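Visitor: Take this structure first; my questions come after.
The values are calculated or read from the model by the stated rules, or taken from the named source; none is laboratory data. Quantities reported herein were computed from a predicted structural model and do not represent experimental measurements. Ideal geometry is used to build each Cβ from the backbone, glycine not excepted, and the neighbour counts take in all protein chains shown. Heads up: the accessible areas ignore ligands, DNA and RNA and are worked out on the full protein's heavy atoms, side chains in. Shrake-Rupley method; radii C 1.70, N 1.55, O 1.52, S 1.80 Å.
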Amino acid sequence: MTQKTLTDSTSTGAVEAPGAPSSKRWWILAVVAVAQLMVVLDATIVNIALPSAQADLGFSDGNRQWIVTAYALAFASLLLLGGRIADLFGRKTAFLVGVVGFAAVSALGGAANGFGMLVTARALQGAFGALLAPAALSLLNTTFTDARERARAFSVYGAIAGAGGAVGLLLGGVLTDAFDWRWTLYVNVLIAVVAFVGGWMLLTNHRDAENGKLDVPGTILVASGLFSLVYGFSNAETHDWGSALTWGFLTAGGLLLAAFAWWQTRAAHPLLPLRILLDRNRGASFLAVLISAGGMFGVFLFLTYYLQLNLGFSPTKTGVAFLPMVGALMVAAQLGTTVLLPRIGPKAAVPLGFAVAAVGMAWLTGIGVGSSYVSAVLPQLIITGIGLGLVMPASMQLATGGVTAEDAGVASATVNAMQQVGGSIGTALLNTLAASAATDYLAGRDATSKLVQAQATIESYTTAFWWSAGMFAAGAVIAFLLFRRGVPEQDPDAAPVVHM
């Protein structure tokens, strides 16, 4: 591949030498971080505002879940397409279109006058997020060529990806309490302005796969397969696992994704070249992101319920309660990517993170009806945050490291797809298990007693926490078995060649 060094249209005309780090790389990191935060926030920021939105717009409890699910469905099913578009048509173009589109449909959602308008806006948010997220991550991958600086950059990015859900809960609570639920959507317009101005000034529009073509059959197969998979797991929340709407869509999703994998071995311009998946460390990293995202919902979703319904926290106070976890995650992210990973390698660092997170979740099962946040929640949150901080950034760095520049977008999209699908699977699985635990506890007891009802909810939460701990424990074993021994070396032939 021909090496090219490009300068921004706003530069003074100085051309950076090939292989030299971009002088604007840390500003680019800031822009990418802001955009990623906007995408991650919207997976949780609306959750706390849902009761207010439901009361305002008058939609049913059955329809409430689709405000969250519509975003996840569009985001997960279109991610690989978004990543390939970034490779084919330019990352700056994909990034800016994604930012503007995300802001516009967020404003549409904020102005919603009914359920249909709001759920449509959420689906469109997911679609533009699927374009924006892989473009942002691939920009990071191609901007930082020095291994040490790249580790720092990914520690920041991974910390945002891991902590963004908790920040979304905090911001959603503050905006709902201080203003109105609509501001959980309007706030994206303000964030997007910063990301757009920064992206317009700092980025260039190099196309690493400009001679390639879009794999239309592969796009249809993977989009419909991921849609069916996420939709099937989402239906498990409102239907039982024996419902045709659950197992039927799950089966269809599996078959479509199998057909997609078969087609990728024969397509002239595959949407997802299998060389990206077949690298052992990269494959292990994708699985680590999938498992950690699934287990994280045991923290965010059920602990949010516990803090508000059992301990009486306000939405804002609930968001603040997650901040120690965010701080621990960010510190561990720096430690993991800049110290542990370069010294002991992923075979030790990632399983260690999973094991620490499993301990934190298992300890969290000790909560009770009258427990104290300081003694029964805070230490466990910090430990879980440390564990996730060791897993997420390191896995994201390894999942996108070593790919050629022309594959950076689709590799980045695959990471985001794993995170989104893992979160959807985790939500459906843990919700179902928690509901079953509450039902089993109520059997043979006085269901009208408030004390019995409160204890039933505790049983549901602790069941979810145990299963989250089990997911993290399984992740530790899988990561230990799959990652290669030693410290990964950066392949000079696969190093990014374009400096944004």
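Visitor: Could I have the simple spin-label model distance between VAL452 and VAL477, label points 7 Å from Cα toward Cβ, reported in nm to one decimal?
Guide: My value for the distance between the label points is 3.8 nm.
Visitor: What relative contact order, as a whole-number percentage, does the chain give when Cα pairs under 8 Å and 6 or more residues apart are counted?
Guide: Dividing the mean separation by the residue count of the chain yields 24 percent.
Visitor: As an exercise, use a Förster radius of 35 Å and the Cβ-Cβ distance of THR365 and VAL331 to find the FRET efficiency, rounded to the nearest 0.05.
Guide: Step by step, r from the Cβ atoms, then E = 0.90.
Visitor: Quickly rank 286-292, 377-383 as a protection proxy: mean count of other C-beta atoms within 10 Å, highest first.
Guide: 286-292, 377-383
Visitor: So, with +1 on the Cβ of K and R and -1 on the Cβ of D and E, and no other charges, what is the size of the charge dipole of segment 169-319 about its Cα centre, to the nearest 20 debye?
Guide: Approximately 360 debye in magnitude.
Visitor: Angle, helix 25-41 long axis vs. longest principal axis of the chain, Cα atoms, 0 to 90°, nearest 10?
Guide: So the inclination is approximately 30 degrees.
Visitor: Another question about this same structure. Under 13 Å from the 7 Å Cα→Cβ point of THR251, by amide nitrogen: which residues of segment 411-441?
Guide: It comes to no residues whatsoever.
Visitor: A further question on this structure: From largest accessible area down, sort VAL189, VAL477, VAL452, VAL299; use a 1.4 Å probe on the protein chains.
Guide: These residues rank, largest area first, as VAL477, VAL189, VAL452, VAL299.
Visitor: Here's something else I'd like to know. ALA261 to TRP241: FRET efficiency via 1/(1 + (r/R0)^6), r the Cβ-Cβ distance, R0 22 Å, to the nearest 0.05?
Guide: 0.30
Visitor: To the nearest 10 degrees, how steeply does helix 61-89 sit against the main Cα axis of the chain, on a 0 to 90 scale?
Guide: 10
Visitor: To continue, here is another question. Efficiency by 1/(1 + (r/R0)^6): what FRET value for ASP177 and ARG484, r their Cβ-Cβ distance, R0 = 35 Å, to the nearest 0.05?
Guide: 0.10
Visitor: Okay, next question. Taking the chain as the reference, fit the longest principal axis to its C-alpha atoms, fit the long axis of helix 323-335 to the helix C-alpha atoms, and give the angle between the two in degrees, 0 to 90, nearest 10.
Guide: Value to nearest ten degrees: 30.
Visitor: Just to make sure I understand: if all protein chains stay in place, what is the order of LYS317, LYS92 by accessible area at 1.4 Å, largest first?
Guide: LYS317, LYS92
Visitor: Which value in deg cm²/dmol, rounded to the nearest 500, describes the helix-derived mean residue ellipticity at 222 nm for the chain, given -39,500 (n - 2.57) per DSSP H run of n ≥ 4 and division by the residue count?
Guide: It comes out at -25500 deg cm²/dmol, rounded to the nearest 500.
Visitor: Right, here's the next one. What is the dipole size for the chain, taken about its Cα centre, with +1 at each Lys and Arg Cβ and -1 at each Asp and Glu Cβ, in debye to the nearest 20?
Guide: Roughly 620 debye, rounded to the nearest 20.
Visitor: Count charges around THR176 for me, please; just the other residues with Cβ under 14 Å from its Cβ, Lys/Arg as +1, Asp/Glu as -1.
Guide: After counting each charged neighbour, the total is -1.
Visitor: How would ASP279, ASP240 line up by accessible area, probe 1.4 Å, largest first?
Guide: Reading off the accessible areas and sorting them downward yields ASP240, ASP279.
Visitor: Among the lysines in the chain, how many pairs, 8 or more places apart or on different chains, have alpha carbons under 21 Å apart?
Guide: Eligible lysine pairs with Cα atoms under 21 Å apart amount to 5.
Visitor: Right, another one. Need one word for segment 214-290: rounded, prolate or oblate. Basis is the Cα gyration tensor (sqrt eigenvalues a ≥ b ≥ c); a/c below 1.5 gives rounded, then a/b vs b/c decides.
Guide: oblate
Visitor: Which of the chymotrypsin sites (Phe, Trp or Tyr not before Pro) across segment 80-136 are loop residues per DSSP, with 11 or fewer other Cβ within 10 Å?
Guide: Here no chymotrypsin sites (Phe, Trp or Tyr not before Pro) fit, given the DSSP loop and packing criteria.
Visitor: Hey, another quick one. Radius of gyration and Dmax for segment 263-340's Cα atoms, expressed in Å?
Guide: 19.2, 58
Visitor: Please give the peptides 214-227, 416-429 ranked by average Cβ packing (other Cβ atoms within 10 Å per residue), highest first, as a rough proxy for protection.
Guide: Output ranking for 214-227, 416-429: 416-429, 214-227.
Visitor: Okay, next question. Once the other residues with Cβ under 12 Å from the Cβ of PHE102 are scored (Lys, Arg +1; Asp, Glu -1), what is the net sum?
Guide: For residues surrounding PHE102, the net value is 0.
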